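Working notes, beginning with the structure itself.
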Amino acid sequence: MAILDRVMLHLESVSKTYDTGDTALRNISLRIEKGQVVGLIGPSGAGKSTLIRCINRLVEPSQGQILLNNVDLVRLDNHQLRLQRRRIGMIFQEYALVERLTVMENVLSGRLGYLPFWRSYLRRFPKADIENAYRLLDRVGLLDQANKAARRNIRRYEATRRYCAGACAKS
Ligand SMILES: Nc1ncnc2c1ncn2[C@@H]1O[C@H](COP(=O)(O)OP(=O)(O)O)[C@@H](O)[C@H]1O
Ligand SMILES: [Mg+2]
């Protein structure tokens, strides 16, 4: 049982056939443990993006189970899925930063899903979130950029933003 306790993400027989009839995934099973860093490598068209998108259900799997900390993401309704998605950071190939906002505002936006409506509407972030965001920017060497518009070093900002969504939650 000890090994199962460590499994964070467990895919069981996941398949995906698109409406076009293209089968991108056929019976994929894998386990990833907490703290593991995993790279997914394969030629173009192998199904890497489909697999990753299935994990947060940007693509709906045709079949199979996707267990994140023992919760089957495939069976969740929209509300439950939103709650689980707050725990999944995804950095898109096309970045998802708001360029007219500052670096700090972009990083804090990783926290929006955790705030009550009035706070997110007014973008009034709790002090602890702001302190954590500063700490994270410092860690990636971007502290001096906090109040600048997020046009440069886009990938690093995006990664920090995603990390903020998870890291602030744990503190
Ligand atoms: N939205 C889609 N509709 C139909 N077929 C798709 C779609 N996205 C990907 N595919 C097909 O699924 C297969 C895997 O694609 P993809 O997951 O993008 O692979 P990779 O990321 O490894 O390049 C390919 O044959 C591709 O043409
Ligand atoms: Mg891809």
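Here are some notes:
- Residues of the stretch 106-138 that turn out to be assigned to a helix (DSSP H, G or I) and either in contact (Cβ under 8 Å) with a residue 40 or more places away in the chain or among the aromatic types (Phe, Trp, Tyr) (or both), as a count: 13
- Verdict on LEU68 being within 13 Å of ligand 2 (Cβ to nearest atom) and either within 16 Å of MET8 (Cβ to Cβ) or among the acidic types (Asp, Glu) (or both): no
- Per the conditions (1) modelled with pLDDT of 95 or more; (2) within 16 Å of ligand 2 (Cβ to nearest atom); (3) under 17 Å from the mean Cα position of the chain (by Cα), the sole criterion not satisfied by ALA46 is (3).
- Output for the stretch 44-63, where each listed residue is crowded, with 17+ Cβ neighbours inside 10 Å, within 10 Å of ligand 1 (Cβ to nearest atom), outside any loop (DSSP other than H, G, I, E, B) and among the aliphatic types (A, V, I, L, M): LEU51
- Candidates ILE28, ILE41, ILE66, ILE91 - the one that is within 16 Å of ligand 1 (Cβ to nearest atom) and closer than 30 Å to ARG151 by Cβ: ILE91
- Among residues of the stretch 6-35 that are of a type in the set (Asp, Glu), those with a Cβ under 6 angstrom from a residue that is part of a strand (DSSP E or B) and modelled with pLDDT of 95 or more, sequence gap 6+ or separate chain, pair up as GLU12/SER29; GLU12/GLY64; GLU12/GLN65.
- Residue match in the stretch 132-144 (condition: surrounded by fewer than 13 Cβ atoms within 10 Å (Cβ to Cβ), of a type in the set (Asp, Glu) and not assigned by TED's automatic domain parsing to the domain that holds LYS34): yes
- Close pairs (6 angstrom Cβ cut-off, 6 or more residues apart or separate chains): within 12 Å of TYR114 (Cβ to Cβ) in the stretch 79-91, exposed (fewer than 15 other Cβ atoms within 10 Å of the Cβ) anywhere: ARG86/GLY113
- Screening the stretch 80-139 for residues that are over 13 Å from the mean Cα position of the chain (by Cα) and among the aromatic types (Phe, Trp, Tyr) and picking the one that is nearest to GLU158 (Cα to Cα) gives TYR134.
The values are calculated or read from the model by the stated rules, or taken from the named source; none is laboratory data. If you're wondering where the values come from, they're calculated on a predicted model, not measured in any experiment. FYI the Cβ positions are ideal-geometry reconstructions off the backbone, even for glycines, and counts take in every protein chain you see.
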